[in-house]
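See below for the structure under consideration.
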């Protein structure tokens, strides 16, 4: 079972999926006990040359840590308001930092850094710039994409599925959503095949419960002639939703 990807505009589908998923994620703004924003595993490298200065490398780590903090707490439309925050101001908001690992390999210095920012100082800065942040909440979400080619009477699942293979290919450390894709389980494969004619009404509970996750996205992409229909079964924050989109092949 192999789907001819030239018949699909997968890039367009990918954008649609991300948009639909993000519409359903709400970041908590409740007060929490922690007094710092912790940004871990900042990785920097630099050539070990005559003018090498370890302090400059650490300063670069502070800049990267602040960038990641902004990306994970500030809406895209407001992120440019924090583009020109000076290194001195950033260092003034740092509560603590620690070097997790450092090493030299082939005359290159590698540093892994953990940085904790004072939450009150960060929020005060954002308030002065009229930014309303959200406290970051990381979520694990079960994601199962299924491609149905009605023209060929074929279903693409798991490694035969282009979306399955590439969904997590661009993960970044500041991303708050971690998508858990299913393992290539023969029992699950047979179960989906068995219900292939009823996928729109099938609840997938037998598969989802194996992963102990309450939140999930089941995306079923139906292709027929020049029409693509995407059915998303979404469960976030204990709320179920079904979204449909249709578009013609370009």
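The values are calculated or read from the model by the stated rules, or taken from the named source; none is laboratory data. All values derive from a computational prediction rather than experimental measurement. Cβ sites come from the backbone with ideal geometry, for glycine too, and all protein chains shown count toward neighbours.
Please verify whether the range 122-133 includes one or more residues that are modelled with pLDDT under 90, touching a helix residue (DSSP H, G or I) at 6+ places or on another chain (Cβ under 6 Å) and under 26 Å from residue 238 (Cα atoms).
Yes: one or more hits.
Just the residues that are in a helix (DSSP H, G or I) and closer than 17 Å to residue 231 by Cβ, please, taken from the range 177-216.
192, 196, 197, 198, 205, 207, 208
Report, by residue number, each residue of the range 69-86 that is at pLDDT 90 or above and touching a strand residue (DSSP E or B) at 6+ places or on another chain (Cβ under 8 Å).
Of everything in the range 69-86, just one residue is at pLDDT 90 or above and touching a strand residue (DSSP E or B) at 6+ places or on another chain (Cβ under 8 Å), namely 69.
Tally time: how many residues in the range 218-242 are surrounded by fewer than 17 Cβ atoms within 10 Å (Cβ to Cβ) and assigned to a strand (DSSP E or B)?
Within the range 218-242, residues that are surrounded by fewer than 17 Cβ atoms within 10 Å (Cβ to Cβ) and assigned to a strand (DSSP E or B) number 7.
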